[in-house]
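The values are calculated or read from the model by the stated rules, or taken from the named source; none is laboratory data. These figures come from a predicted structure and were not determined experimentally. Cβ placement follows ideal geometry from the backbone for every residue including glycine, while neighbour counts extend to all protein chains displayed. Ligands, DNA and RNA are excluded from the accessible area calculation, which covers all protein heavy atoms including side chains. Shrake-Rupley method; radii C 1.70, N 1.55, O 1.52, S 1.80 Å.
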Amino acid sequence: MKVVWENIKTYSDIKFELYRGVAKITINRPNVYNAFRPETNMQMLEAIDVCRERNDIDIVVFTGEGDKAFCSGGDQNVKGSGGYIGKDGVPRLNVLDLHKKIREIPKPVIAMVNGYAIGGGHVLHVVCDLTIASDNAIFGQTGPKVGSFDGGFGSSYLARHVGQKKASYLSRMVGQKKAREIWFLCEQYSAKEALDMGMVNKVVPLKDLENTVLEWCSIMQKRSPLALRMIKRSLNAELDGQHGLMQLAGDATLLYYLTEEAQEGKTAFLEKRNPDFKKYPKFP
Ligand code: S0N
């Protein structure tokens with residue numbers, strides 16, 4: 001299938017494109033294996049805000065330019081003390097803001113992993129809702145080797161999705177143990193191993209990667225967007241504590257606002273009368 005992506009906005013560090021309701025955010029720094037610097041994250045933050053607001057965008061896909069790397073994490077050339085230093089001279093760890101936005105956007109987010117997903121690049125795929133990888137993809141953390149770590153989603157959420165291997169009782173893996181191995185040893189894992197660990201949803205040949213992602217998108221685009229939103233919120237809430245509950249409750253409020261019962265409260269106030277909530281059905 002020949003896909004022609006339409007440019008949404010031009011940036012220095014990313015490509016931001018659209019195809020049939022699917023927004024693709026491509027880290028476009030192949031010379032450093034798509035490592036991110038503060039400006040890269042700022043541009044991705046802006047792009048994902050656009051994805052949230054635009055009604056014609058159903059799904060967001062993150063990927064990396066070329067066939068070598070999805071993302072190799074923080075750009076070591078600009079790592080200073082206190083974080084990664086952008087052109088403004090300020091040290092930042094603003095990839096964490098991107099993680100929050102990926103969790104919060106009420107639309108599916110897919111990591112299309114086309115090579116190395118290493119360090120912060122590995123965390124980026126971990127926080128996405130789904131991961132589809134090419135068979136040449138390589139996964140791993142490097143933090144304790146290069147002097148960093150991500151104790152947030154990159155470790156706690158990782159531990160939750162490792163360990164789903166459908167194998168014999170004896171070879172079954174424990175999420176926490178495997179996550180500790182990944183972080184403590186800083187080894188690399190093939191796409192097949194990542195699939196077996198439950199870290200990725202599907203592995204396909206590189207030439208089929210984008211079409212497979214778009215096929216998955218077209219299936220999800222036939223599903224109820226509100227149902228997908230509620231599922232994402234509910235699955236997040238289990239891990240995200242009070243913050244997750246707030247997001248899920250926010251959507252419950254949205255649904256409540258759509259009812260006539262909620263409108264009656266507001267209408268009665270504006271008409272300076274007592275509301276009549278009794279006329280609305282109660283469900284057992
Ligand atoms: C990806 C690796 C394994 C590929 O190895 P390979 O195939 O041997 O290629 P190389 O020759 O090594 O690389 C090709 C070119 O790309 C450059 N490059 C690769 N990765 C980076 C990078 N991350 N930064 C800058 N440049 C990179 C190489 O230098 C090379 O360029 P040339 O050809 O010019 O020499 C291998 O490259 C590798 O291991 N890369 C480093 C991976 C890494 O350690 N990443 C950083 C890990 N840490 C984070 O990501 C921190 C994330 C973060 O921001 C954070 C988040 C939450 C909380 C805290 C933090 C925090 O900041 O600590």
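Some notes on this structure:
- The residue that is most open to solvent (accessible area, probe 1.4 Å), counting only those in the range 73-82 that are more than 13 Å from Glu39 (Cβ to Cβ) and more than 6 Å from the ligand (Cβ to nearest atom), is Ser81.
- Applying the set (1) modelled with pLDDT of 95 or more; (2) farther than 24 Å from Asp240 by Cβ; (3) touching a Pro at 6+ places or on another chain (Cβ under 8 Å) to Gly82 leaves exactly one unmet item: (1).
- Residue that is surrounded by the fewest Cβ atoms within 10 Å (Cβ to Cβ), among those in the range 193-250 that are basic (Lys, Arg) and in contact (Cβ under 8 Å) with a residue 40 or more places away in the chain: Lys202
- Selected residue (only one of Phe62, Phe70 is of a type in the set (Phe, Trp, Tyr), at pLDDT 95 or above, open to solvent by less than 60 Å² (accessible area, probe 1.4 Å) and within 14 Å of the ligand (Cβ to nearest atom)): Phe70
- The listed residue being farther than 30 Å from Val113 by Cα and out of contact with any Phe, Trp or Tyr (no Cβ under 8 Å at 6 or more places or on another chain), out of Leu228, Leu235, Leu209, Leu270: Leu270
- Asp276 vs. criteria surrounded by 15 or more Cβ atoms within 10 Å (Cβ to Cβ) and charged (D, E, K, R): no
- For Lys24, the requirement of being among the basic types (Lys, Arg) and buried (at least 16 other Cβ atoms within 10 Å of the Cβ) is met.
- Leading residue by the ranking (nearest to Asn211 (Cα to Cα)) among those in the range 123-142 that are near the ligand (Cβ under 8 Å from one of its atoms) and not in a strand (DSSP E or B): Val123
- Only listed residue being modelled with pLDDT under 95, of a type in the set (D, E, K, R), open to solvent by 10 Å² or more (accessible area, probe 1.4 Å) and more than 7 Å from the ligand (Cβ to nearest atom), chosen from Lys87, Lys101: Lys87
- Flag for Asn236 being touching a helix residue (DSSP H, G or I) at 6+ places or on another chain (Cβ under 8 Å), among the polar types (S, T, N, Q) and farther than 20 Å from Lys107 by Cα: no
- Some residue of the range 153-165 being open to solvent by less than 10 Å² (accessible area, probe 1.4 Å), at pLDDT below 95 and away from the ligand (no atom under 16 Å from the Cβ): yes
- Test: Asn34 is polar (S, T, N, Q) and closer than 23 Å to Met199 by Cα: yes
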